[in-house]
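Structure, as structure tokens:
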Amino acid sequence: MKKIWIVLLVIGVFLLGVLVTEPLMNGINEISGKTLFQTRKTLRTELEALRESENAARMEMESQRQRLSRLSAELQGRDFRRLTREALLGAAGGDKENRVILRPAESEMMLPPEAQDNSAMGALRSRINRKVSDMLDVSRRILGEKVGMLNLELKSMNADLHARNVELKDKLDELDAYRRRLDEQKSYIGELEGIRGELETVVTDLETKIENGQLKVSFQGDILFASGSHRLRKPGKRLLDSVFPVLKSQADRVDIFVAGHTDNVPIRPDSRDRYASNWELSTYRAIEVVKYLTAGGLDPRHLTAAGYGEYKPVADNATEAGRRSNRRVELFLIPQVIRRGGAEGEEKPTHE
């Protein structure tokens, strides 16, 4: 029985200790101002603080999420391609020529600070702005080098284009001059055709030909001169007299080139004291015709004489008929304007 009472006493003391211990520990904690003992009250207080901290953290995370969303929307709403182009090329402000001025980045490129941002978001905006600025610096440097290269190429192209333009202008001037000369020559040829018609009217069997812008009139040498002589015969003088009026009428417009020709028969021994070769004979004959024309009144400044000997035949010297054709005197009527027009680069007459 005694043991039962002892057991009940112990149980009662334990229960009393349980009931008294927690209020006692809470009182001690309150008196000390510190949590010296963990009780249900302190645990509830810590749990409540943890819940409040969790709620605050959730609210901060939601606020941070909203800030990031605003930043993301701000970044997505910017046309960085256009803004970069404007910052580098200066196309803003209606400048449609896209002049490369390589100016600093526009403020519009940068992200302005927001009042709602905390220090972390402000730091993030600053890092983004630095990245944008670095990107523009690199792009500006690359673009500057490219513009420099393009300017050098453009300068070279402009120099080449200028040279080509000068060359083209010279070619066009040359072409215009050639066209004018061609038109003039067409007019001269028309005039020469008129002279040719007049000559053929006064001498029906006269051999005439227009070539290279000049009129060639051939006289049979046997009519003009006796064999082995440079003295004009009477029939030769009459022949020259018949064409003289036509030549005289053209004296102020044409120059007359007189060319003497012979066959290849050597000079007779009895004439070699006067003519060492056919060359001398042909030259004397050309001079004789020139002297006769000047004696008639033609201006000697427009007359020229030359001898070709047997070196420009028009027929085979193996036959008598061929040799007779080769013994000739030719008059080339050359419009004086061709000579004057060639003062700097004179067009030389060509003679057979």
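Note on Leu124 and Leu172: the extension gain reaches 10.5 nm, defined as 0.36 nm multiplied by sequence separation minus the Cα-Cα distance. Fewest neighbouring Cβ atoms within 10 Å first, the residues Ile256, Ile6, Ile210 line up as Ile6, Ile210, Ile256. Annotation: amide H-H contacts under 5 Å for Leu206 (H modelled 1.01 Å from N, sequence separation of 5 or more, or interchain): none. By the beta-carbon count within 10 Å of each Cβ, the least crowded to most crowded order of Arg141, Arg253, fewest first, is Arg141, Arg253.
List, in the order given, every pair from Lys171/Lys209; Lys171/Lys248; Lys3/Lys41; Lys216/Lys237; Lys2/Lys41; Lys216/Lys291 whose Cα-Cα distance in the structure shown is over 29 Å. Long pairs (Cα-Cα over 29 Å): Lys171/Lys209; Lys171/Lys248; Lys3/Lys41; Lys2/Lys41. About the Cα centre of segment 203-341, what is the dipole size in debye to 20, counting +1 per Lys and Arg Cβ and -1 per Asp and Glu Cβ, all else neutral? In debye, rounded to 20, segment 203-341 gives about 320. Note on Arg274 and Arg179: with the Förster distance fixed at 51 Å, the Cβ-Cβ geometry gives a FRET efficiency of about 0.50. Shape verdict for segment 203-341, please, from the Cα gyration tensor: rounded (a/c under 1.5), prolate (a/b greater than b/c) or oblate. Note, shape of segment 203-341 comes out prolate.
Listed by Cβ neighbour count within 10 Å, with the fewest neighbours leading, Val246, Val166, Val203 appear as Val166, Val203, Val246.
For segment 128-135, the Karplus equation 6.51 cos²θ - 1.76 cosθ + 1.60, evaluated at θ = phi - 60°, returns couplings of 5, 5, 5, 4, 4, 5, 4, 4 Hz by residue, with Gly and Pro reported as x. Less than 5 angstrom separates the built amide H of Gly307 from those of Gly260, all sequence-distant by 5 or more or on a different chain. Close amide-amide hydrogen proximity is noted between Asp255 and Ile334, Gln336, each under 5 Å apart and 5 or more residues distant or on a separate chain (H modeled in the peptide plane; Pro and chain starts excluded). Using the Karplus relation 6.51 cos²θ - 1.76 cosθ + 1.60 with θ = phi - 60°, the per-residue 3J(HN,Hα) values for segment 273-278 come to 6, 9, 10, 5, 7, 5 Hz, with x marking Gly and Pro.
Our summary gives segment 154-312 a relative contact order of 19 percent, counting only alpha carbon pairs under 8 angstrom and 6 or more residues apart. Applied to segment 140-154, the Karplus parametrisation 6.51 cos²θ - 1.76 cosθ + 1.60 on θ = phi - 60° returns per-residue 3J(HN,Hα) values of 5, 5, 4, 5, x, 5, 5, 5, x, 5, 5, 5, 5, 4, 5 Hz, with x for Gly and Pro.
Rule-based calculations on the coordinates, nothing more; no lab input. Because the structure is a prediction, the values reported are computed rather than measured. Positions of Cβ are generated from backbone atoms using ideal geometry, with glycine treated the same way; all protein chains shown enter the neighbour counts.
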